[in-house]
Amino acid sequence: MIRLSNELKSLVERATAQVLPEVVAFRRERHRRPELTWQELATARAIAERLRTIGGMTVTEGVGRNGIVAVIEGAADGPTVGLRADMDALPVVEVTGKEYASEHAGVMHACGHDGHMANLLGSAMVLVQLRQHLRGRVKLLFQPAEEGGAGADAMCRDGALENPHVDLVFGLHGWPELATGQVYVRGGPMMAANTEIRIVVHGVGCHAATPHLGTDQVLIAARIIEALQSVSARLVAPNEPVAVSITKIAGGSATNIIPPHVEMAGTLRTMTVATRDGCCAAIRRLAEGVAQTHGATATVEFEHGYPSTVNDTRATDFIESLAQQVLPAGHTHRMPAPTMGAEDFAYFLERVPGCYFFLGVDDGRAGGYPSLHHPAYDFNDAALPTGIKLFVHAALAAKDFLATQPL
Ligand SMILES: [Zn+2]
Ligand SMILES: [Zn+2]
């Protein structure tokens, strides 16, 4: 693995400390003015303006609609490293009570993408300063629409990973279950693919007092929900992570009518395409079979969302080894199991090798740090130096890494 010199480590340490006040101020500015998925226009404009002020890079706006690609050329030849941040916020009413709380009613950076943008801006500032140590180039990827809009896919389709071609890509997410300054890495599948499920039970509605004259779609829906619990429990291997959750159910209008239709919706989370397709087939078979057993029918529809986020194992080892050298002992962890959340960084990793990792933000408060998407979640500024140092070292060491481990 790559050995970092003490000289380089202290250069990065010093430059990170130097840019930190501006990066924190930028994070809070963004926190104050969050924008929803596909509406990140003012956010993108502010970032592009700031990147041009920093200078030392080419800035291209409007990549994948609201995305920005900026390229920092190194002093010598080498690979192209992509570093990514997401920019969108959520429809959440903020309750942090912070002086920089959201000024946009009902919109909040409850997933901490303000922190990710600040982390990438800080990394850019440090890399511009240390350009003489950069071999190759860095491509900054500020992406829109992570929260369900597949903005990463839009940027890739718009050529964000080409001209020049990105050889390696890195991304991170603040993680409330891990102490500040620590990181979680995981090779292979890291986050799940999500699939939306929609099931409608159709039958013969009737008077509630004469159930024998029709079919009971409410009872059938209940039995389908119950039957679907066996997908993860009995139809998939016990060591294969799967989640099947029915989260919406609608049907009926009165206490004395058995309705002719009941509609259900939910989500399926899986780690591989094979498991996803197997689960979809099982869900369809169970829903149609249960409905048929009761003399009714069921229609089952699936809509595939983000693919699973799969890290390159060597790129993961690379990040782990950098973290072990840059962070205090005991701050670098292998994540024991993947998380069932979905993340559109998956689209970058489908096209180029890289590593997505989690950056701890927990400050040790009683009762635990608020979870992602919670109205009290506020990205912890104290985590920024860790993220910046890892992004910067990954860019600076990429040439050596690829020389020993061609991907
Ligand atoms: Zn989120
Ligand atoms: Zn997020």
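Dividing the radius of gyration of the alpha carbons in the range 229-282 by their Kirkwood radius gives 1.16 for Rg/Rh. The calculated FRET efficiency for GLN292 paired with ARG198, based on their beta-carbon distance and R0 = 25 Å, is about 0.85.
Shown is the FRET efficiency for GLU177 and GLN325, computed with R0 = 22 Å from the Cβ-Cβ distance and rounded to the nearest 0.05: 0.35. With a ≥ b ≥ c taken as the square roots of the eigenvalues of the C-alpha gyration tensor of the range 1-140, please select rounded if a/c is under 1.5 and otherwise prolate if a/b is larger than b/c or oblate if it is not? Here the range 1-140 falls in the prolate category. The residue list VAL92, MET155, VAL107 was ranked by how far each Cα lies along the charge dipole of the chain toward its positive end, using unit charges on Cβ atoms, and MET155 comes out on top. The slack in the chain from THR53 to THR313, taken as 0.36 nm per residue of separation less the alpha-carbon distance, amounts to 89.9 nm.
Modelled spin labels at ALA105 and ALA42, positioned 7 Å past Cα toward Cβ, are 1.5 nm from each other.
In this rough spin-label picture, where each label sits 7 Å from Cα along the Cβ direction, the GLU162-THR255 distance is 6.5 nm.
For the chain, modelled as a GNM whose springs connect Cα atoms under 10 angstrom apart, the maximal fluctuation among ARG365, ARG65, ARG52 occurs at ARG365. Length available on full extension from ALA376 to ALA25: 0.36 nm per residue minus the Cα-Cα distance, which gives 124.4 nm. A simple spin-label model places the labels of ALA243 and THR272 2.1 nm from each other, with each point 7 Å out along Cα-to-Cβ.
Per-residue Karplus couplings for the range 249-255, computed as 6.51 cos²θ - 1.76 cosθ + 1.60 with θ equal to phi - 60°, are listed in order as 9, 9, x, x, 9, 7, 6 Hz, Gly and Pro entered as x. One compactness figure for the range 129-228 is 2.00, namely its Cα radius of gyration divided by 2.2 N^0.38 Å.
Result for the chain in a Gaussian network model with C-alpha springs under 10 Å: among THR275, THR293, THR195, the largest mean-square fluctuation is at THR293.
Each stretch of four or more DSSP H residues adds -39500 (n - 2.57); spread over every residue of the chain, this sum gives -11500 deg cm²/dmol at 222 nm. Listing ASP378, ASP400 from fewest to most neighbouring C-beta atoms within 10 Å gives ASP400, ASP378. What separates the Cα centres of the range 198-275 and the range 91-135 is a distance of 41 Å. For the chain, the longest principal axis of the Cα atoms and the long axis of helix 313-326 meet at an angle of about 50 degrees.
The coefficient of translational diffusion for the range 183-319, derived via Stokes-Einstein from the alpha carbon Kirkwood radius under 20 °C and 1.002 mPa s, stands at 130 µm²/s.
Derived value for the range 352-407: Kirkwood hydrodynamic radius 13.9 Å. Basis is the mean of 1/r over every pair of different alpha-carbon atoms. Gain on full extension, evaluated as 0.36 nm per residue between THR299 and ASP363 minus their Cα-Cα distance, stands at 18.3 nm.
Distance from the C-alpha centroid of the range 360-407 to that of the range 277-291: 40 Å, rounded to the whole angstrom. For the chain, the longest principal axis of the Cα atoms and the long axis of helix 6-32 meet at an angle of about 50 degrees. Within the chain, antiparallel bridges make up roughly 65 percent of the DSSP beta bridges whose residues both belong there.
Overall shape: prolate for the range 54-106, with the ratio a/c of the largest to smallest alpha carbon gyration tensor axis at 1.5 or above and a/b above b/c. Scanning residues 5 or more positions from CYS111 or on other chains, those with amide H under 5 Å from its amide H are LEU90, HIS373, with H placed 1.01 Å from N in the peptide plane. At q = 0.07, 0.09, 0.10, 0.12 Å⁻¹ the log10 of I(q)/I(0) for the chain amounts to -0.38, -0.59, -0.70, -0.93, computed by Debye summation with a single uniform scatterer per C-alpha, solvent ignored.
Value of Rg to Rh for the range 273-407, rounded to two decimals, is 1.12; Kirkwood radius and Rg both from alpha-carbon coordinates. When the chain is treated as a Gaussian network with alpha carbon springs shorter than 10 Å, the biggest mean-square fluctuation among MET108, MET340, MET264 belongs to MET264.
Laboratory data are not the source of any read-out in this text; all were calculated from the coordinates shown. Source: prediction; values computed, not measured. Please note: Cβ atoms are built from the backbone with ideal geometry, for glycine as well, and neighbour counts cover all protein chains shown.
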